[in-house]
1. I'm told T129 meets every condition in (1) surrounded by fewer than 18 Cβ atoms within 10 Å (Cβ to Cβ); (2) under 20 Å from E50 (Cα atoms); (3) not hydrophobic (A, V, I, L, M, F, W, C) except one. Can you identify the failing condition by its number?
2. Quickly run through region 208-232 and pick out the residues that are in contact (Cβ under 8 Å) with a residue 40 or more places away in the chain, touching a Leu at 6+ places or on another chain (Cβ under 8 Å) and under 20 Å from H150 (Cβ atoms).
3. Could you say whether any residue in region 101-116 is among the hydroxyl-bearing types (S, T, Y), more than 26 Å from F226 (Cβ to Cβ) and either at pLDDT 95 or above or within 20 Å of the chain's Cα centre (by Cα) (or both)?
4. Of everything in region 186-213, what is of a type in the set (A, V, I, L, M, F, W, C) and either over 19 Å from E153 (Cβ atoms) or not in a helix (DSSP H, G or I) (or both)? Give them in sequence order.
5. Based on what the data block shows, is V192 touching a His at 6+ places or on another chain (Cβ under 6 Å) and at pLDDT 95 or above?
6. Evaluate the following for E181: is it in contact with a helix residue (DSSP H, G or I) (Cβ under 8 Å, 6 or more places away or on another chain), part of a loop (DSSP other than H, G, I, E, B), closer than 19 Å to T86 by Cβ and not basic (K, R)?
7. Hey, could you check region 88-117 for residues that are in contact with a strand residue (DSSP E or B) (Cβ under 7 Å, 6 or more places away or on another chain) and among the polar types (S, T, N, Q) and say which is farthest from C223 (Cα to Cα)?
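The values are calculated or read from the model by the stated rules, or taken from the named source; none is laboratory data. This is a predicted model, so every value here is computed, not measured. Please note: Cβ atoms are built from the backbone with ideal geometry, for glycine as well, and neighbour counts cover all protein chains shown.
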Amino acid sequence: MSLSSSRLSLPLLILAVSSLPALAQEQSVRPGINDNFRDPNPKEFVEKFEIESREVFAKRSEIVKLLKLKPTDTVADIGAGTGLFTRLFSGEVKEGKVVAVDIAQKFLDHIEITCREKGIRNVETLKCTDSSTELPEGSIDVAFICDTYHHFEFPQKTMGSLLKALKPGGRLVLIDFRRVEGESTPFIMSHVRADKDVFEKEILEAGFQKVEEPTGILKENYCLIFQKPAGK
């Protein structure tokens with residue numbers, strides 16, 4: 001190969017290398033993980049999710065306190081499911097609002113019905129996609145992801161959309177299952193694709209800063225708190 005041909009091919013090489021992360025995200029990290037949530041029966045999931053044997057339900061009051069919500073905050077419940085935390089957050093942000101985000105329209109319909117029945121008026125619902133939260137840029141103060149991050153098929157894209165949605169200095173509270181060989185249940189080992197260190201690394205690479213790792217509340221799960229840097 002001549003020197004001149006090498007110089008001509010360099011821009012193409014740079015373009016190819018810079019495109020690698022984007023190309024990697026064209027393939028799901030866990031195909032089929034959300035199949036059960038495409039057309040869910042909300043009543044069945046209420047019976048699974050809103051029970052005392054589920055740690056995040058039993059510790060729901062302590063978890064709400066972790067968010068340190070202000071009355072005027074706009075908080076997004078990402079992967080809201082049956083709306084357990086959506087409804088709890090609504091009472092904390094009486095001058096703000098909660099945006100329940102989910103991939104399943106039936107869950108969003110269920111949240112709207114239950115909020116209407118309880119007279120809750122500061123909740124909105126938003127259907128997301130496999131690769132985006134669909135939240136408007138700079139629209140939220142706090143994002144909450146509980147036992148849902150491991151369901152993200154395209155975490156790089158989804159977290160990129162969430163970073164944009166947060167206001168500068170906005171916070172992300174992540175709760176997910178501990179995945180430890182020899183300690184975690186067989187279900188968690190097979191269902192959750194990676195451990196805390198991997199998920200933390202992915203979120204940091206998306207542009208977030210880690211600010212806190214609360215302990216002493218959860219055993220089966222862990223909690224990590226991140227922030228959107230002021231300059232982003």
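1. (2)
2. F208, P214, I217, C223, L224, I225, F226
3. Among the residues of region 101-116, at least one is among the hydroxyl-bearing types (S, T, Y), more than 26 Å from F226 (Cβ to Cβ) and either at pLDDT 95 or above or within 20 Å of the chain's Cα centre (by Cα) (or both), which makes the answer yes.
4. F187, M189, V192, A194, L204, A206, F208, V211
5. Taking the combined requirement at face value, the residue satisfies it.
6. Against the criterion (in contact with a helix residue (DSSP H, G or I) (Cβ under 8 Å, 6 or more places away or on another chain), part of a loop (DSSP other than H, G, I, E, B), closer than 19 Å to T86 by Cβ and not basic (K, R)), E181 does not qualify.
7. Result: Q105.
Residue by residue, here is whether (1) modelled with pLDDT under 90; (2) farther than 18 Å from C146 by Cα; (3) touching a strand residue (DSSP E or B) at 6+ places or on another chain (Cβ under 7 Å) holds:
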{"site": "L12", "(1), (2), (3)": "yes, yes, no"}
{"site": "A16", "(1), (2), (3)": "yes, yes, no"}
{"site": "L23", "(1), (2), (3)": "yes, yes, no"}
{"site": "S28", "(1), (2), (3)": "no, yes, no"}
{"site": "R38", "(1), (2), (3)": "yes, yes, no"}
{"site": "S53", "(1), (2), (3)": "no, no, no"}
{"site": "L67", "(1), (2), (3)": "no, no, yes"}
{"site": "K70", "(1), (2), (3)": "no, yes, no"}
{"site": "T86", "(1), (2), (3)": "no, no, yes"}
